[in-house]
Structures are given as structure tokens and as C-alpha cells.
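The values are calculated or read from the model by the stated rules, or taken from the named source; none is laboratory data. These numbers were taken from a predicted model, which means no experiment stands behind them. Here the Cβ positions follow ideal geometry from the backbone for every residue, glycine too, while neighbour counts run over all protein chains shown.
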Amino acid sequence: MGKKLSGKDLIKLGFPKNNSINVTLGQINRYHKRVKKEQILTEAKKVLLNPEDYLGDGIWGKIAESLLKPVEVKRHVLKITRSPFQIYGENEIDEQAKYQLFDALKLPVATAGALMPDAHTGYGLPIGGVLATKNVVIPYGVGVDIGCKMCLTIYPIAVSYLKGKKHQLENILSEHTKFGMYETHKTKHDHQIFEREEFKTIPLVKRLKDKAYKQLGTSGGGNHFVEFGIVSISETNNVWNLPAGEYLGLLSHSGSRGLGANIAKHYTYLATKQCPLPKHVQQLAWLDLNTHDGQEYWLAMNLAGDYAKACHDNIHARIAKLLGSKPVAKIENHHNFAWKQQVNGEECIVHRKGATPAAKGELGIIPGSMTAPGFIVRGLGNEESLQSASHGAGRLHSRRKCKEKFTKSEIKKELKAHDVTLIGGGIDEAPMAYKDINKVMANQKELIEVLGTFTPKIVRMDK
């Protein structure tokens with residue numbers, strides 16, 4: 001008997017000559033590399049005899065499933081006609097983003113879709129794309145930064161503080177926010193999220209726990225930010241019972257860090273192996289929610305979303321303490337996620353990749369750019385948009401185009417004109433890289449109502 005487990009060993013053990021052999025070898029290679037062959041065979045025999053007992057197990061559950069319900073991996077073909085869809089602000093959206101949505105609407109599992117007015121080309125689904133599917137989840141329909149979200153806290157502090165204490169506020173952002181792959185806080189905070197069962201039962205997630213602990217309360221690179229600004233609330237639609245007027249606000253934009261990125265990568269790989277599609281749509285491969293991998297991704301995705309929230313809570317708690325003030329209101333929403341939602345009377349999985357949930361009465365925040373206002377909004381529950389709205393202004397120019405098109409001095413000029421201080425940030429995040437937020441808002445009046453605005457004044461991004 002050789003040292004390495006082979007298909008012949010499993011057949012000798014009594015495994016049927018089907019896909020269960022490939023599944024078993026894959027799982028062992030991924031999670032049991034250091035375990036002795038004899039020990040693996042002993043455990044595999046138990047699973048073979050009583051697969052029902054192992055369903056749901058992190059390592060053996062997928063093997064048990066392959067023994068009970070052998071699956072033929074078959075190539076899927078696209079539908080000839082698209083599922084129903086709606087596009088908002090069509091004239092402002094690039095053709096490639098539209099075609100990406102059209103391809104997604106031809107998936108055999110797609111039931112409906114929508115494109116938000118800030119949409120632009122992405123991987124798999126376009127950014128600003130919304131897609132409803134039947135009982136399947138598309139990892140790339142959610143995106144790499146699972147649970148990426150906005151979070152705004154409003155403080156009972158006069159906006160004159162932004163000028164009078166500008167230096168202290170800049171210092172708070174410089175010293176107490178961390179960005180990119182390597183920066184972490186010296187003083188680590190614990191959080192109840194680390195007690196979650198998924199960190200014990202899902203092998204991949206278990207391996208990522210230490211990284212997640214280190215990165216808690218940090219923000220990613222790219223377009224992620226933490227910024228102080230002016231919150232304006234009018235008398236109308238004031239849902240917080242706050243006196244109308246202007247307040248100091250803190251807005252953050254970030255996601256689930258390395259935890260979410262690794263979950264996305266792992267399950268996208270599994271989806272592409274199990275769900276062969278025509279090459280141009282292969283990134284839209286899905287996982288069936290009735291399978292071990294589908295269920296596991298759903299749990300891991302929800303954990304990553306809750307972890308993203310924990311990161312924002314940590315950022316805002318640290319800064320509130322430094323401000324010596326408690327927030328009087330908090331508004332937050334995910335925009336890279338999948339939800340179970342009723343669509344035309346049946347439960348579907350609604351993927352929002354760079355889109356804000358806008359169910360009736362649901363609050364959210366849609367940022368502009370570092371020199372343009374963001375909007376505090378309340379959803380109108382529009383069924384044609386699958387109860388969604390834009391997640392920001394959306395990019396007008398790609399990162400590469402920005403580096404060719406703009407200079408540092410042009411950015412400085414733009415910031416000065418709007419009285420904005422920037423700490424960090426690269427040319428690829430130039431304010432001019434983004435669409436006109438006012439046009440975007442005008443194109444989604446039937447999706448959301450505006451309750452207030454947030455105007456950035458001190459912005460911190462990755463260097």
C-alpha cells in the first residue's frame with residue numbers, strides 16, 4: 001500500500017466507481033494532507049457504511065453527500081431568451097456592463113435582474129448588477145469583498161468642530177484607522193463573532209480565524225475609506241427625531257477583508273468545477289443550496305457579512321471614544337451579498353453586487369465621491385428593481401484609465417475647491433474617476449427617497 005491515498009484504495013474499500021472517488025480524494029487532499037493513510041481509510045470506511053451520520057460534517061459531509069446522491073457533472077447551456085429585467089439610467093451605463101447582465105439573465109437558474117444607475121463592468125455580474133436565482137447562489141454574483149458595506153454614525157457635535165478641531169480629527173483618522181493588507185491595530189479588541197460555530201465547523205473558515213482576528217476594525221485598500229463630514233437632516237422625513245440641522249458624521253466603507261476574499265476564491269473554484277458553463281460566463285458558476293458546498297458557502301457568506309459589520313462597529317466605537325461622544329443615529333447597509341427574498345411570489349436568492357437593498361422603509365447610505373455628497377436614503381420597495389438601489393456614484397473611468405488621465409496636482413486642485421483634506425489615496429481614486437452622483441440619484445427616484453446628505457471633509461484612504 002503506497003503512502004498516498006489513491007482511487008484504487010477507495011475502490012478496494014468498497015467505494016462505488018463514480019464521482020464520490022474524486023470528491024473524496026479532493027477533500028482529503030484539501031483538509032487531511034497530514035493525516036496518516038491508515039487513519040483516513042478507517043474513517044472513510046465508517047462514512048461509506050453510514051453516510052447519513054456524516055451529512056453536514058465539515059470534511060466528511062461532502063463525501064457522504066456524494067455517496068448518497070451521486071451527481072453527474074454536466075455542462076449547462078444558456079437560455080435563448082433573457083429573464084425579465086429593468087435598467088435604470090440606461091444612457092449613463094457602458095454597453096459591456098449591460099451585456100454582462102444580459103448574459104447572466106440567460107443562465108438556466110436566473111429568474112429576474114436589474115441594473116442600477118451607477119453600474120459599470122465587473123467580473124461575472126457587473127458592479128451595480130442585481131440577479132435573482134432559483135435555489136442557487138453564485139459566489140461571483142456576490143463578489144470577492146463579501147458583505148462590503150457602508151456605515152454612518154451621526155454625533156451631537158456642531159459642524160464648526162470640523163474647522164476648530166481639524167488637526168485633532170485628522171490625527172484621529174491618521175493614527176486610529178488602519179488600511180490595506182498589512183496594517184493592523186496594536187491594541188486588539190475581541191468580539192463575539194469569534195465565538196461563532198462556523199469558525200469551528202467549516203475547515204476553510206477555521207483556518208482563517210487568526211487572520212480575521214488580526215484584521216478586525218481595519219479597512220481594505222482601493223475605494224475603501226473612513227471620513228468625517230457634515231450630515232444635513234431636514235424637517236421632512238426625519239426618522240431619528242433629531243432636530244433638523246447639521247451634525248458631525250463619520251462614514252466608513254469596507255468589507256470582510258481577507259476572510260471574505262478567501263471564502264470567495266475557494267467557493268468560486270468549487271462552483272466552476274461543479275457547474276461547467278460556456279467560457280464567457282464561467283465566472284457565473286453557481287452552487288446549489290441543496291448541496292453540502294452550497295449550504296457551506298451560505299453559512300460562510302453570512303459569517304463574512306457579520307464580520308464586515310463587526311469591523312465597522314469596531315472602527316466607529318474606537319473613534320466615538322476618541323471624540324468623547326455617543327452617536328445619536330447609525331445607518332448601515334451591505335452591498336455585496338445575497339439574500340433570500342420573495343420575487344413574484346416565490347422565494348429566490350437575490351444577489352446584489354454593488355447595489356443597496358431598498359425594501360420599503362429600509363434605510364441606507366449611498367456615497368458620492370470624496371468631493372461629492374452622499375445620500376441617506378429610505379427604500380420604496382420597488383419590485384422591478386428587485387427592491388434595490390445604487391451603491392454609490394459608480395466609476396466613470398477604470399483605475400488604469402485614471403492613472404493615464406489624471407495627475408496629483410489636478411486632484412489637489414479639485415480637493416481644494418471643495419475644501420476636502422485627503423490622507424492617503426491614490427490617483428486611481430481621484431474624485432473625477434466617478435460619475436455625477438446627482439445624475440445617479442435623479443435616475444433612481446422611483447427606488448428610494450432622500451432623508452439627508454453627508455458631505456465629506458476629512459477623508460482617510462489606503463496610501
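The numbered conditions (1) touching a residue at least 60 places away in the same chain (Cβ under 8 Å); (2) within 20 Å of Tyr140 (Cβ to Cβ) are all true for Pro357 except (1). The numbered conditions (1) more than 20 Å from the chain's Cα centre (by Cα); (2) within 30 Å of Arg318 (Cα to Cα); (3) of a type outside the set (Val, Ile, Thr) are all true for Ser254 except (1). Being hydroxyl-bearing (Ser, Thr, Tyr) and within 13 Å of the chain's Cα centre (by Cα) holds for only one residue in Tyr307, Tyr297, and it is Tyr307.
Only one of the numbered conditions (1) part of a helix (DSSP H, G or I); (2) touching a Leu at 6+ places or on another chain (Cβ under 7 Å) is violated by Leu277, and that is (1). Just a yes or no: is a residue in region 445-463 closer than 27 Å to Leu105 by Cα, surrounded by 18 or more Cβ atoms within 10 Å (Cβ to Cβ) and touching a residue at least 24 places away in the same chain (Cβ under 8 Å)? Within region 445-463 (the criterion being closer than 27 Å to Leu105 by Cα, surrounded by 18 or more Cβ atoms within 10 Å (Cβ to Cβ) and touching a residue at least 24 places away in the same chain (Cβ under 8 Å)), the answer is yes, since at least one residue qualifies. Checking the stated criteria, Asp103 turns out to be among the charged types (D, E, K, R), in contact with a helix residue (DSSP H, G or I) (Cβ under 9 Å, 6 or more places away or on another chain) and surrounded by fewer than 22 Cβ atoms within 10 Å (Cβ to Cβ).
For region 377-407, filtered to residues that are among the polar types (S, T, N, Q) and either closer than 20 Å to Ile331 by Cα or in contact with a strand residue (DSSP E or B) (Cβ under 7 Å, 6 or more places away or on another chain) (or both), the residue that is surrounded by the most Cβ atoms within 10 Å (Cβ to Cβ) is Ser390.
Scanning region 47-67 for residues that are under 29 Å from the mean Cα position of the chain (by Cα) and among the aromatic types (Phe, Trp, Tyr) gives a single hit, Trp60. The set of residues in region 148-193 being at pLDDT 95 or above, under 18 Å from Gly255 (Cβ atoms) and among the aromatic types (Phe, Trp, Tyr) consists of Phe179 alone.
Restricted to helices (runs of 4 or more DSSP H) entirely inside region 79-173, those with at least 3 residues that are touching a residue at least 24 places away in the same chain (Cβ under 8 Å) are 95-105, 139-142. Whether any residue in region 294-302 is surrounded by fewer than 19 Cβ atoms within 10 Å (Cβ to Cβ), modelled with pLDDT of 95 or more, under 30 Å from Trp240 (Cβ atoms) and out of contact with any Pro (no Cβ under 8 Å at 6 or more places or on another chain) is what I want to check. Looking through region 294-302, at least one residue is surrounded by fewer than 19 Cβ atoms within 10 Å (Cβ to Cβ), modelled with pLDDT of 95 or more, under 30 Å from Trp240 (Cβ atoms) and out of contact with any Pro (no Cβ under 8 Å at 6 or more places or on another chain).
In this entry, Gly113 is excluded by the filter for residues that are at pLDDT below 95 and in contact with a strand residue (DSSP E or B) (Cβ under 9 Å, 6 or more places away or on another chain). Of the candidates Val73, Val109, the single residue that is under 30 Å from Tyr54 (Cα atoms) and surrounded by 13 or more Cβ atoms within 10 Å (Cβ to Cβ) is Val109. Quick check: anything in region 214-230 in contact (Cβ under 8 Å) with a residue 12 or more places away in the chain, surrounded by fewer than 17 Cβ atoms within 10 Å (Cβ to Cβ) and in a helix (DSSP H, G or I)? Yes, region 214-230 has at least one match. Consider region 184-213 and keep the residues that are of a type in the set (A, V, I, L, M) and part of a loop (DSSP other than H, G, I, E, B). The one that is surrounded by the most Cβ atoms within 10 Å (Cβ to Cβ) is Leu208. Might you let me know whether region 340-363 holds any residue that is buried (at least 19 other Cβ atoms within 10 Å of the Cβ), more than 23 Å from Ile87 (Cβ to Cβ), within 24 Å of the chain's Cα centre (by Cα) and not small (Gly, Ala, Ser)? Looking through region 340-363, at least one residue is buried (at least 19 other Cβ atoms within 10 Å of the Cβ), more than 23 Å from Ile87 (Cβ to Cβ), within 24 Å of the chain's Cα centre (by Cα) and not small (Gly, Ala, Ser). Among the residues of region 231-260, those that are assigned to a helix (DSSP H, G or I) and buried (at least 19 other Cβ atoms within 10 Å of the Cβ) comprise Arg257, Leu259, Gly260. Scan region 288-303 residue by residue and report those that are under 20 Å from Leu125 (Cβ atoms) and not in a helix (DSSP H, G or I). Those that are under 20 Å from Leu125 (Cβ atoms) and not in a helix (DSSP H, G or I): Asp288, Leu289.
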